[in-house]
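Asker: What follows is a single structure, and I will ask about it in a moment.
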Amino acid sequence: MIPPRFYTFWSINGPLDQARLREQMRAFQAAGLDGVVFHPRFYPGIPPYMSPAYLGEVSAAILYAKEIGLRFWLYDENGWPSGTADGQLLAKYPESAAVRLDLFDKPDAAAIGSFKNGTKTWYMVPRVVEGIDTLDPKVCEHFLELIHERYRTGLAPEAFDYVEAFFADEPESGAIKGPMPETAGAPWSPCLKAALEKKFGTDYARLLPLVFARGEGYREFRVAYWELVTDLIGEGFFAPYLAWCRKYGKQFIGHVKGEEHPLFQLPMVGSCHRIYRQLSMPGIDSLERFPALDFYPRQASAVARQFGDGRCMVECFGGAGWGAAPHDLERYLLWLGRNGLTDFVFHLSQYRLDSAAIRDWPPSEPLHLTWREAFPEVIARVKRELAARPPTVCDTLVVAPYRGLMAEYEPWELMQTNAHVATTYPDTPAGRINRAFLAKLEELKVAGVAYDVTDERTLEEEGRFEGGRVRLGQMSYAHLVVGDGADLRGGAAGWRTAHSEGSAGVPPANSTKRDLEIASTFKLDWRLAEPPLNAWLLEFKAEEPGVFSGKFTTAFKSGEVGPLALRFADDILTAFLDGQPLVVDQGGDGAVAVLPPSLSAGEHLLRFSCVREKRLPYVWLEGRFAVLSQSPYEAGPNGTIRTAGPFVAAPQTIAPEAELIAAGLPFCARAVVAEAVVTLPQPVGALSFGGVTADALRASLDGQPMGWAWGPDWSLPLIQPLAAGEHRLRVELIPSTFNHFGPHHYYNGDWHVISGDQMVGVKNFADLDDAPTPTHIAAWHFKPLRLPRSLIAN
C-alpha cells in the first residue's frame with residue numbers, strides 16, 4: 001500500500017510575519033500533517049503579491065519548512081481559479097481573456113452564425129467572460145511567465161529547490177465563468193475555431209449549430225466538438241504547465257472544476273480521464289461532510305494506477321461546516337482512501353481567523369477547531385485503518401460513456417445543473433445516460449466489485465488484449481463493463497463481446513460488534529473540576545460602513561463572575577461600552593478589550609469601528625459566567641437544539657448531569673473538565689462511554705492519560721487491562737465548533753455543506769430547493785453537549 005500523506009491548504013489572508021508563519025508550521029506538523037500548500041487567498045498585499053519583498057518572505061518560510069521537515073507546495077494564484085495571476089495577466093495581455101459562444105435571440109454583428117429552433121432564431125455570439133482562455137497555450141505561457149518564473153528566479157535558490165509542487169485550482173473551458181449565459185453557452189476560443197476549420201473546413205460554421213440543437217449528423221459533430229475541447233484544454237493549459245514543472249523538477253498538482261461525474265466534466269473539460277494524464281498526480285476536489293459518489297475518486301486513482309506511480313490527490317472536506325466532528329473527518333478520509341486516494345489536502349486552514357475567514361467555506365482545520373488537539377489522533381487512526389484494510393486490487397475495468405454523453409448533451413442543460421457538485425441536472429437523453437452509468441457503478445459497489453474506470457478513447461488507443469485479460473497501461477483486468485451509451489470504435493469493436501461483466505466477489509463482512517453479554521455498565525457521578533471558561537457571541541447592527549453597535553444584558557453583581565473581556569475577530573479602531581472608551585489590545589488574531597471590574601447588572605451598549613470588516617463582525621464576551629436563554633430549548637434540525645432567546649449572562653450554577661448548552665454554555669469553545677470515581681469489580685480490557693454528546697473527549701485514569709474518544713462508539717483504548725478497584729476518571733469534554741461560530745440562525749441547523757452564503761443567510765447552490773429566502777431565521781441553533789452518563793467496561 002502507498003503510505004498516505006496529509007497537507008493543508010494554508011490560506012494566507014494576512015500580512016506575512018515570520019514568527020506567525022513558523023508558529024503555524026510547527027502546529028501543522030504537531031497535528032500530524034506532512035506538508036502545506038501555501039495559498040494566498042484574499043491576501044491583503046503586505047508585502048505586495050509577487051514583489052521582491054513578498055518572495056523574500058516566502059523564501060524564509062520555505063527554508064523554515066525545510067529545517068523542520070515539512071513538505072512545501074506553492075499555490076499558483078492569489079485566490080482562485082488559477083490563471084489570471086491575480087489579475088496581472090489580463091492587464092498585460094488583454095487578448096488572453098476567456099471566450100464563450102453564447103446564444104442570443106437578437107441579431108449581433110459579432111455572431112458567427114444563426115439557426116432556427118422551432119419558430120425562434122438564435123445567434124451564436126463569441127462573448128468575453130471572466131478568467132483566461134485555457135484552450136490557448138500562449139495564454140498559459142503568459143501565466144507561467146508572471147507567476148512560476150517569478151517564483152523560480154525570485155525565491156532563494158535553496159528555497160525554490162525545496163518546493164515540491166505547484167498547485168493549480170479549478171481551470172475549466174469557460175463554460176461556467178461569469179457572466180453566466182442567459183440561455184446557453186459553449187466553450188470557444190480562437191484555437192477552437194482554428195481546430196474546427198482544420199477538421200471540417202469552412203463548413204464548420206454551418207455545422208456549429210448542431211452543438212446546441214439536433215439536426216442531421218448532430219451526434220458525429222458533437223462528439224468531434226467535445227473531443228476537440230478536451231484536447232485543446234489539455235494542450236492549451238495542462239501540457240505547457242506540466243512541461244515547465246518537469247523542466248525545473250517540480251510536480252504539477254491540482255484539479256479541474258466539475259470532476260464529480262462524466263456529465264459535469266463534459267462542459268468543463270470534456271473528459272477528465274484525458275486531462276489527468278497531464279498532471280504529476282491526478283487530483284480531485286471533494287468538499288462537504290459526507291461521502292458522495294465513488295466515481296470521481298475512483299477515476300483519479302484509476303489513472304494513477306494505470307499510467308502513474310499510484311499517487312493521487314484530493315482537496316477535501318472544505319465546506320463541511322463548523323459542525324464537523326472527528327468522526328465525520330475519519331469517515332470521510334477512509335471513504336476517499338478506500339477509493340484509492342493517497343494525498344489529502346485539507347481545505348482549508350486560515351492564517352488569520354478574522355470575521356471574513358470564519359465565513360470562508362468552514363471549517364478552518366486543524367488550527368481553529370475545538371477538537372484540534374484530537375486532530376493528530378484522527379490522522380493516526382486513518383493511517384492505521386488504511387494499513388490494516390488497504391484498497392482492494394481492482395480486477396474490473398468500467399468504460400464510461402463519454403462519447404454517448406457528448407453526442408446527446410446540449411449546453412442549455414448546464415443552466416439547470418447544480419453548479420457546485422452537479423447533484424441535480426435535467427432529465428434529458430444525456431442526463432439519463434449519466435444516471436444509468438452511475439446506477440451501474442452503484443450496482444458494482446453493492447456486489448463488492450472493486451473497479452477502475454476509463455473512457456472510450458483511452459481504451460481504444462492504449463488498451464489491448466493480453467492473455468485473456470484487458471491491459472491498460474500498467475494495469476490488467478479480468479472483466480470489462482461497458483457503460484450504456486459508450487461508443488467504442490474501429491478495431492475496438494470487439495471489446496463488447498470479448499469480455500463479459502464479472503464480479504470480483506463480495507468481501508466478507510468485517511464485524512467489530514462488541515460482545516455485550518459480558519459488558520458491565522457503571523453510572524458516572526460527575527463534578528466539575530473548575531468553572532468553564534465561557535463565551536457569548538454577541539450580535540450587532542451596522543450604523544454606517546465599518547461602525548457597529550449592539551446590546552447585551554448581564555445579571556450579576558460587579559465583580560461577581562471574575563474578569564471579563566471582549567474578543568474581536570478583527571482589527572478595531574475604537575470601542576465604547578456604555579459610552580466609555582475601552583482600551584483595545586490589537587494582536588495578530590484580532591483585538592481584545594478587558595472590561596472594567598465595576599460592570600454591573602443590566603443592559604449594556606457596545607459600539608465599535610473596524611479597520612476592514614464591512615459585514616457584521618464576530619465579537620465574543622468571555623469569562624466564567626453562564627449564558628442563559630429566556631425561552632426554552634427544543635429539538636432542532638440536523639442534530640441541533642433550538643431556542644428563541646434572548647440571552648442573559650449570569651453567574652454559573654451548572655449541574656454536571658445537565659444538558660450543558662441549556663445549562664449556560666451555548667457558545668462555549670473550551671473543554672468542560674469533569675471528574676468522577678468508578679469502582680470496577682473485576683479487571684477489564686476495554687472501555688467506552690455511554691450517553692455522551694460532544695465532538696470528542698480526552699480521558700485520563702488515575703492521573704495517566706488514556707487518549708481520545710469520539711463517536712459513534714466512544715471507545716477508549718487500553719494498552720493493558722485495567723485492574724479491579726477504585727479509579728479516578730477525568731475527562732475534557734469538547735463542545736462542537738459550530739456552537740462558537742455558527743451559523744446559529746441557519747434554518748436547517750447544522751447543515752452538511754456550508755459556503756460563505758450559508759454563514760450570512762443568502763440562498764445559494766448549497767441549499768435545498770425549498771429553502772427560505774433568506775435562509776436565516778430568528779431562532780438560535782446549537783449542538784447539544786452532555787457528559788457521559790455511564791462507563792461501559794468489558
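Asker: Kindly indicate the residue of region 515-548 that is in a strand (DSSP E or B), of a type in the set (Gly, Ala, Ser) and open to solvent by 10 Å² or more (accessible area, probe 1.4 Å) and also modelled with the lowest pLDDT among those meeting that condition. Even if it seems obvious, please write down each step before you answer.
Answerer: Going residue by residue through region 515-548, those that are in a strand (DSSP E or B) are 520-523, 527-528, 534-537, 541-544, 547-548.
Those still in the list that are of a type in the set (Gly, Ala, Ser) too: 520, 535, 542.
Now drop any that are not open to solvent by 10 Å² or more (accessible area, probe 1.4 Å), which leaves 520, 542.
Working: Ser520: 88, Ala542: 94.
Filtering first and then ranking leaves Ser520.
Asker: Checking the conditions here, which among Thr428, Thr417, Thr396 is touching a helix residue (DSSP H, G or I) at 6+ places or on another chain (Cβ under 8 Å) and more than 30 Å from Asp102 (Cα to Cα)? Walk me through how you get there before you give the answer.
Answerer: Values: Thr428 fails: more than 30 Å from Asp102 (Cα to Cα); Thr417 fails: more than 30 Å from Asp102 (Cα to Cα).
It is Thr396.
Asker: Moving to a separate point now. Among the numbered criteria (1) open to solvent by less than 20 Å² (accessible area, probe 1.4 Å); (2) within 30 Å of Ala184 (Cβ to Cβ), which single criterion is violated by Thr417?
Answerer: (1)
Asker: When you go through (1) closer than 29 Å to Ala19 by Cβ; (2) part of a loop (DSSP other than H, G, I, E, B) one by one for Leu573, which number turns out not to apply?
Answerer: (2)
Conditions (1) aliphatic (A, V, I, L, M); (2) in contact with a helix residue (DSSP H, G or I) (Cβ under 8 Å, 6 or more places away or on another chain); (3) over 26 Å from Lys445 (Cα atoms); (4) modelled with pLDDT of 95 or more, marked per residue:
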site	(1), (2), (3), (4)
Phe237	no, yes, yes, yes
Leu242	yes, yes, yes, yes
Gly283	no, yes, no, yes
Pro291	no, yes, no, yes
Thr342	no, yes, no, yes
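Asker: Being farther than 20 Å from Asp452 by Cα, among the small types (Gly, Ala, Ser) and outside any loop (DSSP other than H, G, I, E, B) is the requirement here; does Ser301 meet it?
Answerer: On the way: farther than 20 Å from Asp452 by Cα: no; among the small types (Gly, Ala, Ser): yes; outside any loop (DSSP other than H, G, I, E, B): yes.
For Ser301, the condition - farther than 20 Å from Asp452 by Cα, among the small types (Gly, Ala, Ser) and outside any loop (DSSP other than H, G, I, E, B) - is not met.
Asker: As an exercise: evaluate Lys440 against (1) at pLDDT below 95; (2) under 30 Å from Val211 (Cβ atoms) and give the number of the one condition it does not meet.
Answerer: Unmet condition: (1).
Asker: When region 656-679 is examined, which residues are found to be in a loop (DSSP other than H, G, I, E, B), on the phi < 0 side of the Ramachandran plot and open to solvent by less than 10 Å² (accessible area, probe 1.4 Å)? Can you show your working first?
Answerer: Our first condition is that a residue be in a loop (DSSP other than H, G, I, E, B); within region 656-679, this holds for 656-671.
From what is left, the residues that are on the phi < 0 side of the Ramachandran plot are 656-663, 665-671.
Answer for region 656-679, where residues must be in a loop (DSSP other than H, G, I, E, B), on the phi < 0 side of the Ramachandran plot and open to solvent by less than 10 Å² (accessible area, probe 1.4 Å): Leu660, Ile661, Leu665, Pro666, Phe667, Cys668.
Asker: For region 698-712, name all the residues that are free of Cβ contacts under 8 Å to residues at least 60 places away in the same chain and open to solvent by 70 Å² or more (accessible area, probe 1.4 Å). Spell out the reasoning first.
Answerer: Restricting attention to region 698-712, the residues satisfying the condition of being free of Cβ contacts under 8 Å to residues at least 60 places away in the same chain are 699-706, 709.
Within region 698-712, Gln704, Pro705 qualify.
Asker: Can you say whether Glu330 is in a loop (DSSP other than H, G, I, E, B), within 17 Å of Leu369 (Cα to Cα) and open to solvent by 20 Å² or more (accessible area, probe 1.4 Å), as far as the supplied structure shows?
Answerer: Values: in a loop (DSSP other than H, G, I, E, B): no; within 17 Å of Leu369 (Cα to Cα): yes; open to solvent by 20 Å² or more (accessible area, probe 1.4 Å): yes.
Answer is no for this residue.
Asker: So, one more: Take Leu687 and tell me if it is aliphatic (A, V, I, L, M), out of contact with any helix residue (DSSP H, G or I) (no Cβ under 6 Å at 6 or more places or on another chain), open to solvent by 20 Å² or more (accessible area, probe 1.4 Å) and over 23 Å from Pro532 (Cα atoms). Spell out the reasoning first.
Answerer: Details: aliphatic (A, V, I, L, M): yes; out of contact with any helix residue (DSSP H, G or I) (no Cβ under 6 Å at 6 or more places or on another chain): yes; open to solvent by 20 Å² or more (accessible area, probe 1.4 Å): no; over 23 Å from Pro532 (Cα atoms): yes.
Criteria not met by Leu687.
Asker: Also: Which condition does Phe72 not pass, out of (1) touching a Ser or Thr at 6+ places or on another chain (Cβ under 7 Å); (2) in a strand (DSSP E or B), if it passes all the others?
Answerer: Failed condition: (1).
Asker: Lys250 passes all but one of (1) over 18 Å from Ala85 (Cβ atoms); (2) open to solvent by 10 Å² or more (accessible area, probe 1.4 Å); which number fails?
Answerer: Evaluating Lys250 over (1) over 18 Å from Ala85 (Cβ atoms); (2) open to solvent by 10 Å² or more (accessible area, probe 1.4 Å) leaves (1) as the failure.
Asker: Another one. I need a count of the residues in region 333-357 that are open to solvent by less than 10 Å² (accessible area, probe 1.4 Å), touching a Ser or Thr at 6+ places or on another chain (Cβ under 8 Å) and under 26 Å from Val760 (Cα atoms).
Answerer: So the answer is 6.
Asker: Show me the helices (runs of 4 or more DSSP H) found entirely inside region 385-462 where at least 1 residues are of a type in the set (Lys, Arg), under 16 Å from Cys272 (Cα atoms) and touching a strand residue (DSSP E or B) at 6+ places or on another chain (Cβ under 9 Å). Lay out the reasoning, then the answer.
Answerer: Numbers: elements: 402-408, 429-446, 456-462.
Per the criteria, 402-408.
Asker: Something else: Which pairs do you get when a residue that is without any contact (Cβ under 8 Å) to a residue 60 or more places away in the chain, found in region 48-75, comes within reach of a residue that is assigned to a helix (DSSP H, G or I) and surrounded by 19 or more Cβ atoms within 10 Å (Cβ to Cβ), reach meaning Cβ atoms under 7 angstrom, with the pair 6+ apart or on two chains?
Answerer: Here the result reads Pro48/Tyr54; Ala61/Leu21; Tyr64/Met25; Ile68/Met25; Leu70/Met25; Leu70/Phe28, each pair linking region 48-75 to a residue that is assigned to a helix (DSSP H, G or I) and surrounded by 19 or more Cβ atoms within 10 Å (Cβ to Cβ).
Asker: On to the next question. Could you please find all residues in region 81-121 being among the small types (Gly, Ala, Ser) and assigned to a helix (DSSP H, G or I)? So that I can check it myself, show each step before the final result.
Answerer: Step one: of region 81-121, the residues among the small types (Gly, Ala, Ser) are 82-83, 85, 87, 91, 96-98, 109-111, 113-114, 118.
Across region 81-121, the qualifying residues are Ala91, Ser96.
Asker: Can we say Arg352 is in a loop (DSSP other than H, G, I, E, B) and over 13 Å from the mean Cα position of the chain (by Cα)? Break it down into steps so the answer makes sense when it comes.
Answerer: On the way: in a loop (DSSP other than H, G, I, E, B): yes; over 13 Å from the mean Cα position of the chain (by Cα): yes.
Considered against the rule, which asks whether it is in a loop (DSSP other than H, G, I, E, B) and over 13 Å from the mean Cα position of the chain (by Cα), Arg352 comes out as yes.
Asker: To continue, here is another question. Would you confirm, using the coordinates I've provided, whether Trp412 is aromatic (Phe, Trp, Tyr) and open to solvent by 50 Å² or more (accessible area, probe 1.4 Å)?
Answerer: Details: aromatic (Phe, Trp, Tyr): yes; open to solvent by 50 Å² or more (accessible area, probe 1.4 Å): yes.
Against the criterion (aromatic (Phe, Trp, Tyr) and open to solvent by 50 Å² or more (accessible area, probe 1.4 Å)), Trp412 qualifies.
Asker: Among the residues of region 634-641, are any at pLDDT 95 or above and more than 30 Å from the chain's Cα centre (by Cα)? Reasoning before the result, please.
Answerer: Looking only at region 634-641, we keep the residues that are at pLDDT 95 or above, and these are 634-641.
Next, from what is left, pick out any that are more than 30 Å from the chain's Cα centre (by Cα): 634.
So far as region 634-641 goes, yes, one or more of its residues are at pLDDT 95 or above and more than 30 Å from the chain's Cα centre (by Cα).
Asker: Next up: Would you say Asp750 is crowded, with 16+ Cβ neighbours inside 10 Å and farther than 17 Å from Val672 by Cα?
Answerer: Details: crowded, with 16+ Cβ neighbours inside 10 Å: yes; farther than 17 Å from Val672 by Cα: yes.
Against the criterion (crowded, with 16+ Cβ neighbours inside 10 Å and farther than 17 Å from Val672 by Cα), Asp750 qualifies.
Asker: Now a separate question. Identify all residues within region 98-153 that are open to solvent by less than 40 Å² (accessible area, probe 1.4 Å) and among the basic types (Lys, Arg); write none if there are none.
Answerer: Across region 98-153, the qualifying residue is only Arg100.
The values are calculated or read from the model by the stated rules, or taken from the named source; none is laboratory data. Quick caveat: nothing in here was measured; it's all calculated off a predicted structure. Ideal geometry is used to build each Cβ from the backbone, glycine not excepted, and the neighbour counts take in all protein chains shown. Note: areas computed on protein heavy atoms with side chains; ligands, DNA, RNA excluded. Shrake-Rupley method; radii C 1.70, N 1.55, O 1.52, S 1.80 Å.
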